[in-house]
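Q: One structure, pasted below without further comment.
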Amino acid sequence: MTLALKIITVLIFLAANCVAQNRLADRVDEFVRAEMARQQVPGLSLAVVKDGRPLIVKGYGLANIEHQVPVKPETIFQSGSVAKQFTATAVMLLAADGTLALDDKISKYLGVVPPPWKNITIRHLLGHTGGMTDYPRDLDLRRDYTEDEMMSLIKGIPLAFEPGEKWQYSNLGYVTLGILIHKVTGKFYGDILSERIFRPFGMMTARVISESDIVPNRAAGYRLSHGEIKNQEWVSPSVNTTADGSLYLSTRDMLRWDEALSGNNLLSRSSLRQMWTPVKLNNGKSHGYGFGWSLRNVNGQALVEHGGAWQGFKAHIAMYPYNRLTVIVFANLEQTNQSRIAHGVAAIVDPKLKPDLIKDADPTVSARFRDLVEKILSGKAERSQFTEPVQKNVFDDHNRLFGFVKTLGPIREFRFVDSNAAGGETIYHYEIEFTGMSVYLEIGRGDDGKISTFDLEPE
């Protein structure tokens, strides 16, 4: 009788757990479908991992509108900058081998470099502190560049600041890392990813983009133009193979990636800890970015994440290590706010991750900053409001992130996160939500009233 009662108790527990999971899945479904409708997203792939096990792995909508192909877990999307974590991991593996060292000057591997580059290290490029900016706005995306031509182009763009002086997101820094990997190993960086990461860890469909190859289950990328869905614009093959964000990935691949990061067979704990530690600047301050990962917290809970945007696709991975939760999102619309979806799903699965409403200590200051951001994006800001170093950043024609944000339309929400005062400067943090993207703003004001820090970072 005791055994029978135990069996009945277990069955009741399993049934209750199954009902709870179904209700949770239904709530996630409702949220995702509502967001897709609101944002006009054609197709989306979602994976949720909880306590080391896949909780939800599901496709929504269409991978290809013209052929009415539904999204499945094996549907292939483009990675955008989610690929940076793979490039960074390849560098860390080479460092573990002793093939290179993070504090090596990049000139050791690249040969002759411009004089301002003499102190740039591999570590600087991994953490976006090398002073490199971004693709020039007049870059011909339909031209096929050789690696040498791309390197020459990058060398011709002036640094925005001295290496280690500050943090600024730089795609060109990661393009340079891909070229450096090639110089060091004699192999294309994508082949290194395949040999050291993709194949060993069962990421069977992960690879560098190739529009000429036959790629089963490949989704089409789309963009909104005057409210109408259009196909993505074409770029040259070489522009689509750089190490800053040019991978094909599926949610099934990313489930394997999450598993690899959670184990001990990919990187040592110390190497992963380095990747997930805020970068240090020359002045001793730190910035909430590691090596290919953004580092934040939600209600005191650690969040390690990165988004991606490229050629009609959006991608996001959000890992909450202490909550043992990972959310992965792929979408095939350029204007998708993928971080909003990833964070929203996380908050449904674990209510502790629903951001607390933080009282703004000084709404008047926040209103002024919002007005300032709007003026910057509309080209109406006055240079005299900023210190000279910040002027270089804010008014830099090579700052592609600023350029992209300017295309996102009006600000939907401008949320205060926190503020602190130190060394004659008060630093404020905000989360800014646009229709197709969310970004974090770090803005500092000196005792003289001028803006002494201004950094945008994509979620």
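The numbers here are math on the coordinates, done by the rules we state, and not lab data. A quick note: this is a predicted structure, and the numbers were derived from the prediction, not measured. Counting neighbours? That spans all protein chains shown, and the Cβs are built from the backbone with ideal geometry, glycine included.
Q: How many residues does segment 405-437 contain that are part of a strand (DSSP E or B) and either under 23 Å from Phe330 (Cβ atoms) or among the β-branched types (Val, Ile, Thr) (or both)?
A: Total satisfying the criteria: 6.
Q: Tell me whether segment 51-72 contains one or more residues that are of a type in the set (Asp, Glu) and closer than 17 Å to Lys314 by Cα.
A: No, there is no match, as no residue in segment 51-72 is of a type in the set (Asp, Glu) and closer than 17 Å to Lys314 by Cα.
Q: If we keep just the residues of segment 45-96 that are of a type in the set (Lys, Arg) and surrounded by fewer than 22 Cβ atoms within 10 Å (Cβ to Cβ), which is nearest to Ile179 (Cα to Cα)?
A: Only one residue fits best here, namely Lys72.
Q: Go through the residues of segment 397-404 one by one and say whether even a single one is more than 20 Å from the chain's Cα centre (by Cα) and part of a loop (DSSP other than H, G, I, E, B).
A: Yes, segment 397-404 has at least one match.
Q: Please verify whether segment 227-239 includes one or more residues that are in contact with a strand residue (DSSP E or B) (Cβ under 9 Å, 6 or more places away or on another chain), in a helix (DSSP H, G or I), touching a residue at least 40 places away in the same chain (Cβ under 8 Å) and of a type in the set (Asp, Glu).
A: So far as segment 227-239 goes, no, none of its residues is in contact with a strand residue (DSSP E or B) (Cβ under 9 Å, 6 or more places away or on another chain), in a helix (DSSP H, G or I), touching a residue at least 40 places away in the same chain (Cβ under 8 Å) and of a type in the set (Asp, Glu).
Q: Could you count how many residues in segment 254-271 are touching a residue at least 12 places away in the same chain (Cβ under 8 Å), farther than 23 Å from Gly173 by Cβ and part of a helix (DSSP H, G or I)?
A: 7
Q: Any residue at all in segment 342-360 that's free of Cβ contacts under 8 Å to residues at least 24 places away in the same chain and of a type in the set (A, V, I, L, M)?
A: Yes, segment 342-360 contains at least one residue that is free of Cβ contacts under 8 Å to residues at least 24 places away in the same chain and of a type in the set (A, V, I, L, M).
Q: Another one. Is there a residue in segment 272-286 that is of a type in the set (Val, Ile, Thr) and assigned to a loop (DSSP other than H, G, I, E, B)?
A: Yes, some residue in segment 272-286 is of a type in the set (Val, Ile, Thr) and assigned to a loop (DSSP other than H, G, I, E, B).
Q: In segment 136-167, what count of residues is obtained for those that are under 24 Å from the mean Cα position of the chain (by Cα) and small (Gly, Ala, Ser)?
A: 2
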